[in-house]
Amino acid sequence: MKKPNILDRAIMTMAPVHAAKRAAARVALSVIKSGYGSYGTNLTKKSMRGWMYHGGSAKEDIEDNIDILRQRSRDAYMGIPTATAALKTMRTNVVAGGLMPALQLDSDYLGLDETAVEKLQAQFVREFALWADTPVCDAERMDNFYQLQQLAFLSYLMNGDTIALLPMKH
């Protein structure tokens, strides 16, 4: 806590109740000055004075500038280690191990007992793993299913969107 100045000490001596109100007002004012007012919305800090923050609509700010925003985002990922780490951390925390099958077959509908359903579910998981754990699932035969999920999410983070095409065999 800040040491009282000469005026505050004089008021404390002459009018302690008024001094207490004055101290409470200071605390309340310090709370008002905290938060965004001291950081992102501060207009007096040297580092914030030149910030041009007036924008337009989402279309004007994003859609009309999407090409430049994407190029800068990808460039930041490739050239700024902190940006790379931020995106990779998000990728790891969101995608983690990736989507996994969690089967819950309806034994009544299938006309099977619980043992048969459990065997069928285990077989589906095995067959999914045969496809997902190898590069067979990738048209380029480079990544497995889980690596493709991480790549898609990282692409989304860098570009703002992503697309996955499923090959069709005729």
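So the values come out like this:
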| item | result |
| --- | --- |
| Mean separation of Cα contacts under 8 Å (6+ apart) over length of the chain, as relative contact order % | 16 |
| Among PRO81, PRO135, PRO16, residue whose mean-square fluctuation peaks in a GNM of the chain (springs only between Cα atoms under 10 Å) | PRO16 |
| Among LEU130, LEU154, LEU69, residue whose mean-square fluctuation peaks in a GNM of the chain (springs only between Cα atoms under 10 Å) | LEU130 |
| Choice from SER155, SER57, SER73 showing the highest fluctuation, given a GNM over the chain with Cα pairs closer than 10 Å | SER57 |
| Candidate values [x] 299; [y] 114; [z] 323, label of the one derived for volume of the Cα convex hull per residue in Å³ | [z] |
| Pairwise Lys count, segment 1-158 - Cα closer than 18 Å, eight or more residues apart or different chains | 5 |
| Between segment 1-24 and segment 35-97, the alpha-carbon center distance in angstrom | 45 |
| Axial C-alpha extent at least 20 Å, average Kyte-Doolittle at least -0.5 - helices from the chain (DSSP) | 16-32, 81-95, 114-132, 145-159 |
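Every number here is computed from the coordinates shown, using simple stated rules; none is lab data. Keep in mind the model is a prediction, meaning the values are calculated, not measured.
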